[in-house]
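Have a look at the structure below, then the notes.
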Amino acid sequence: MIFLNVIKSGFLELLDYLSAHVLTCLVPAFFIAGGIAALVSTGAVLKYFGPRAPKPLAYGVASVSGAILAVCSCTILPLFAGIHKKGAGLGPAVAFLYSGPAINILAVVLTARKMGWDLGLARALGAISFSVAIGLLMALIFFKEERAKEADEAMFSGDSAKPLGQLLAFFGALVGILIFGTWSMPFWNKLAILMGFLNFLFIVLLHWYDRYEIQAWLGETWRFFKTIFPVLLAGVFVAGMLKAVLPPDWVKWAVGGNSLRANLLASVVGALMYFSTLTEVPIVKALLDMGMGKGPALALLLAGPSLSLPNMIVIARVMGVVKTLVYVGLVVALST
């Protein structure tokens, strides 16, 4: 009976994810990642994220670039894979990977409104500073690999870039679809806005992009989808099963104070559990109402949105197991 309940919990989590997030969240993210891989020149990516980019520029852009994207730890993956494939420096790419889900403006504002401006401000400052710190530490730990990448002159030859205005129009439409697709608003209002963005995207493609560029974009989108999506579903299923075997009373007891143990447990639980976009806020608020300390609450808010079991599995496929373990360890340690 217990086994059946665990399996049922996994299936329910999977169904909830498929119904609530795939169409409005994950699909636009895959199209954005495909666009980065197919249409953004290597030189443009390397200018802002590459190993030769000025460090203040690279880490500054990476640490705040996720502010307008209402993405979760899984939705950020195709975007991260896209810039990683283009040769972005490990540090800035990892900074973007962490900050994307952690710093989105909707989550920060909701945290401040539900749990107080102290936690909201701490979450925002922590996410930005941690993204830079984690990126710098990853670049330092894997220094030899980054130096080898920097010395590869062929990587910096780059292809010709499209005009900035055309790229801004293309990605602006896709980002608009991603943002308003996840926004809570009346259905018909949302549909009208999304149709407006889709029509604008169609006009942009018709006037500025040829058939081969569109085929390349769709091809890269499909490649990301078939590489990441099956693994992602498996991870979401496992995360759902974990919910069935973690008793709520135990979680309440474990993170009821502000001890180092409570903070560490909150960071580890947050790192393993999957939180869809913004759902961490009501969950943490409920735990606070039941006696959870503010320290563990902040640790959960800093580790939870940026990491999850599905997220870790996919990251390992993108940048390797060793780098993934180091990244996870840094997130958990700093959050604690």
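Yes or no: Ser306 open to solvent by 20 Å² or more (accessible area, probe 1.4 Å) and among the hydroxyl-bearing types (Ser, Thr, Tyr)?
Judged against the criteria, Ser306 is not a match.
Within the bounds of the range 267-278, is there any residue that is farther than 21 Å from Leu18 by Cβ, over 16 Å from the mean Cα position of the chain (by Cα), buried (at least 20 other Cβ atoms within 10 Å of the Cβ) and at pLDDT below 85?
No, the range 267-278 has no match at all.
I need the full set of residues from the range 143-174 which are modelled with pLDDT of 80 or more and open to solvent by 30 Å² or more (accessible area, probe 1.4 Å), in order please.
Answer for the range 143-174, where residues must be modelled with pLDDT of 80 or more and open to solvent by 30 Å² or more (accessible area, probe 1.4 Å): Phe143, Pro163, Gly165, Gln166, Leu168, Phe171, Gly172.
Among the numbered criteria (1) closer than 25 Å to Glu220 by Cα; (2) of a type in the set (A, V, I, L, M, F, W, C); (3) open to solvent by less than 10 Å² (accessible area, probe 1.4 Å); (4) modelled with pLDDT of 80 or more, which single criterion is violated by Leu79?
(4)
Residue-wise test of (1) farther than 27 Å from Leu272 by Cα; (2) of a type in the set (Val, Ile, Thr); (3) out of contact with any Gly (no Cβ under 7 Å at 6 or more places or on another chain).
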{"position": "Gly165", "(1), (2), (3)": "yes, no, yes"}
{"position": "Leu206", "(1), (2), (3)": "yes, no, yes"}
{"position": "Thr221", "(1), (2), (3)": "yes, yes, no"}
{"position": "Phe225", "(1), (2), (3)": "no, no, yes"}
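Looking at the range 176-220, which of its residues are closer than 18 Å to Leu26 by Cβ, free of Cβ contacts under 8 Å to residues at least 40 places away in the same chain and not in a helix (DSSP H, G or I)?
Residue satisfying the conditions is Ser184 alone.
I'd like to check something: does the range 291-300 contain any residue that is farther than 30 Å from Ala169 by Cα, open to solvent by 40 Å² or more (accessible area, probe 1.4 Å), assigned to a helix (DSSP H, G or I) and at pLDDT 85 or above?
yes
From Ala297, Ala266, Ala234, which residue is in contact with a Pro (Cβ under 7 Å, 6 or more places away or on another chain) and either under 24 Å from Ala95 (Cα atoms) or in contact (Cβ under 8 Å) with a residue 24 or more places away in the chain (or both)?
Residue meeting the stated conditions: Ala266.
Looking only at residues that are in contact with a Ser or Thr (Cβ under 7 Å, 6 or more places away or on another chain) and modelled with pLDDT of 70 or more in the range 37-63, which one is surrounded by the fewest Cβ atoms within 10 Å (Cβ to Cβ)?
Per the stated criteria, the residue is Ser63.
Do we have Ala234 as under 18 Å from the mean Cα position of the chain (by Cα) and more than 21 Å from Gly100 (Cα to Cα) here?
Values: under 18 Å from the mean Cα position of the chain (by Cα): yes; more than 21 Å from Gly100 (Cα to Cα): yes.
For Ala234, the condition - under 18 Å from the mean Cα position of the chain (by Cα) and more than 21 Å from Gly100 (Cα to Cα) - is met.
Counting just the residues of the range 110-142 that are over 11 Å from Leu298 (Cβ atoms) and in contact with a Gly (Cβ under 7 Å, 6 or more places away or on another chain), which one comes out modelled with the lowest pLDDT?
Looking at residues that are over 11 Å from Leu298 (Cβ atoms) and in contact with a Gly (Cβ under 7 Å, 6 or more places away or on another chain), I get Ala112.
Which of the residues spanning the range 226-239 are open to solvent by less than 50 Å² (accessible area, probe 1.4 Å) and out of contact with any Lys or Arg (no Cβ under 9 Å at 6 or more places or on another chain)?
Phe229, Leu232, Leu233, Gly235, Val236, Phe237, Ala239
Show the residue pairs that are 6+ apart or on different chains and have beta-carbon atoms under 9 Å apart, the first residue being within the range 120-132 and open to solvent by 10 Å² or more (accessible area, probe 1.4 Å), the second being of a type in the set (Phe, Trp, Tyr) and in a helix (DSSP H, G or I).
Once the first residue is open to solvent by 10 Å² or more (accessible area, probe 1.4 Å) and sits in the range 120-132, its partners that are of a type in the set (Phe, Trp, Tyr) and in a helix (DSSP H, G or I) give Phe130/Tyr98; Val132/Tyr59.
The values are calculated or read from the model by the stated rules, or taken from the named source; none is laboratory data. The structure displayed is predicted, hence computed values, not measured ones. Cβ sites come from the backbone with ideal geometry, for glycine too, and all protein chains shown count toward neighbours. Heads up: the accessible areas ignore ligands, DNA and RNA and are worked out on the full protein's heavy atoms, side chains in. Shrake-Rupley method; radii C 1.70, N 1.55, O 1.52, S 1.80 Å.
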